[in-house]
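The values are calculated or read from the model by the stated rules, or taken from the named source; none is laboratory data. It should be emphasised that the depicted structure is a prediction, and the values quoted were computed from it without experimental measurement. Reconstructed Cβ throughout: ideal geometry from the backbone, glycine too, with neighbour counts over all protein chains shown.
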Amino acid sequence: MADGGSAAEDYRRGATASRLESLRGVGREAGKDRDEAPPSVLRRPGDPVSVRKISSSDNRGSGASLGRQLKGVPDGARVRIRTTPKGTE
């Protein structure tokens, strides 16, 4: 999107299955979480996903923030995620 955001749909009902599918075969590492992009709550099982290991605290903080922002949003609703380049927030 021209404004730096991306459109997605909220799929909380399918998040667990989507997460398990995307993390299969990606090993664990102490102090790191396997981070998915886009987050499992915003994709259908089978959609393309990128997984990388990042700091557990960063990943869990981001997940908690997204969860708070999606509170009250119905499953299947379209949402927009706007990202800000690092250092410009």
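At pLDDT 90 or above, of a type outside the set (A, V, I, L, M) and exposed (fewer than 14 other Cβ atoms within 10 Å of the Cβ): which single residue out of GLY25, GLY31 fits that description?
Criteria check complete, one pass: GLY31.
Which one of these is modelled with pLDDT of 90 or more and under 13 Å from the mean Cα position of the chain (by Cα): ARG44, ARG60, ARG80?
So the residue among ARG44, ARG60, ARG80 that is modelled with pLDDT of 90 or more and under 13 Å from the mean Cα position of the chain (by Cα) is ARG60.
Note down all Cβ pairs under 9 Å where the first residue falls in region 15-29 and is free of Cβ contacts under 8 Å to residues at least 24 places away in the same chain, the second is not in a loop (DSSP other than H, G, I, E, B), and they're at least six residues apart or on different chains.
Cβ pairs passing all conditions: ARG19/GLU36; ARG19/SER40; ARG19/VAL41; LEU20/SER40; GLY27/ARG34; GLY27/LYS53; ARG28/ARG34; ARG28/LYS53.
Hey, can you tell me all the residues within region 47-57 that are at pLDDT 85 or above and over 11 Å from the mean Cα position of the chain (by Cα)?
Within region 47-57, PRO48, ARG52, LYS53, ILE54, SER55, SER56, SER57 qualify.
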